[in-house]
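The values are calculated or read from the model by the stated rules, or taken from the named source; none is laboratory data. Being a predicted model, the structure only gives us computed values, none of them experimental. Glycine also receives a Cβ, built like all others from the backbone with ideal geometry; neighbour counts cover every protein chain displayed.
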Amino acid sequence: MATTPRIAPLVLDRDGYACVYCLADLDTDGVAMTVDHVTPRSWFDRGVATGDADAAANLVACCGHCNSLKRDLDLALFAAYLRAGHGWTAREVRDLKARVNAATARPLPE
Ligand SMILES: [Zn+2]
C-alpha cells in the first residue's frame, strides 16, 4: 500500500475490505491488507501501459497472499496463471474478471 497512501483507504472502503481476487476478509487478523495495481505499476514504468498507474480504476483491495501471487501480471495473465497453475475453473476465472471489472468501475466513496 506504500505506493498509493492517499487513495488506498478509499479503495479498501470501495471494495468492502475484501480481496477482489479471493474474497478474503481484509479485517481478519493475519490477512495483510494491500491495494493492488490491476495493471502493474512496472508496466507503466516500462511504457507498456500508459495513463495513471495510481488511478482508482487501476486499484483494487487485495490480500497479501494474492498480491504476492500476482506479482507483475495484469488481470488476463493472472487469470491464466490461476487457471493453469492453481486449479481455478474457467467459471472461477470468469467470475474473478467480472469482480475486478465491477470493482474498478465503481466510484470511490466521498
Ligand atoms: Zn486474496
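Among the conditions (1) within 19 Å of ALA103 (Cα to Cα); (2) hydroxyl-bearing (Ser, Thr, Tyr); (3) away from the ligand (no atom under 13 Å from the Cβ), the only one that THR50 does not satisfy is (1).
Of the helices (runs of 4 or more DSSP H) lying entirely inside segment 16-110, those carrying at least 2 residues that are modelled with pLDDT of 95 or more and of a type in the set (Phe, Trp, Tyr) are 41-45, 75-85.
If you go through segment 66-92 and pick out every residue that is away from the ligand (no atom under 15 Å from the Cβ), more than 16 Å from ALA49 (Cα to Cα) and touching a helix residue (DSSP H, G or I) at 6+ places or on another chain (Cβ under 6 Å), you end up with 1.
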